[in-house]
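First up is the structure itself, then whatever we jot down about it.
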Amino acid sequence: MIMNIKKHIKSTILSSFIATSLISGAALAVLSTELQDTNGDGVISAEEITAARDAGKAEKLAQFDADGSGELSRDERRAMRDARYDAMLVAYDADGDGELSKDERRAAKDARRAAVDVQLDVNGDGDVSAEEAAGMEQVKAEREDKRGRKRGKKRDS
Ligand SMILES: [Ca+2]
Ligand SMILES: [Ca+2]
Ligand SMILES: [Ca+2]
C-alpha cells in the first residue's frame, strides 16, 4: 500500500501531504482513493476509478468492521469518522487548537483535490487534460445521476 502510494508521488504537494498522513495508519484513511492506470492506456478510466473506490471500501471494512459482519454499523461508522477526524487534525490543524477551522477544512479539501489531480495526471505534465479528466467526469456524472434517482424515489414514496 505504502509502496503504491510512493509510486504516485509526483508533486511536492502530494509528497508533503503523504508525509503527514503516514503518521498513523488511520491517517491513511484521509488520503482519497488511490487511482491507478491499471491497464496502462494513459488515462484513469471510470472503471479504474470504480475499482479503486471498491478497493478503498474493502480497506475501510478491514479497518473498521470490528465485529466482522461485512458492513459498518452505526458505531463502527462513528469510529471511522472519529479516526478520520483525528487523522485530519494531525495533518491539518495548522494552529494546533485541536479543531479544524473553516480555513483548515478548506486546506484539507484543497489538498485532497490536488492529490486526486496529481493521480489523474497520468503523463505527469502537471496538467489534467480533458482525456485524463474524462473518467472522473463520468464517475461524477453517474454519481449525480444516482443521487438524483434516489431523491426522485423519496419524493414518490
Ligand atoms: Ca487506464
Ligand atoms: Ca485549528
Ligand atoms: Ca497530464
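Just so you know, all these numbers are worked out from the coordinates, no wet-lab data involved. Being a predicted model, the structure only gives us computed values, none of them experimental. When we count neighbours, we look across all protein chains shown, and the Cβ atoms used for this are built from the backbone with ideal geometry, even at glycine.
Farthest towards the positive end of the charge dipole of the stretch 67-145, among the residues Q119, A87, G70, is the Cα of G70, using unit charges on the Cβ of Lys, Arg, Asp and Glu. Computed extension gain for R53 through A79, at 0.36 nm per residue and net of the alpha carbon distance, reaches 7.4 nm. With θ taken as phi - 60° and the Karplus curve 6.51 cos²θ - 1.76 cosθ + 1.60 applied, the whole-hertz 3J(HN,Hα) list for the stretch 55-66 is 4, x, 5, 4, 5, 4, 4, 4, 7, 10, 7, 4 Hz, x standing for glycine and proline.
Legend: distances between Cα atoms for K109/K140; K60/K153; K57/K109; K57/K140; K57/K146; pairs beyond 25 Å are K60/K153.
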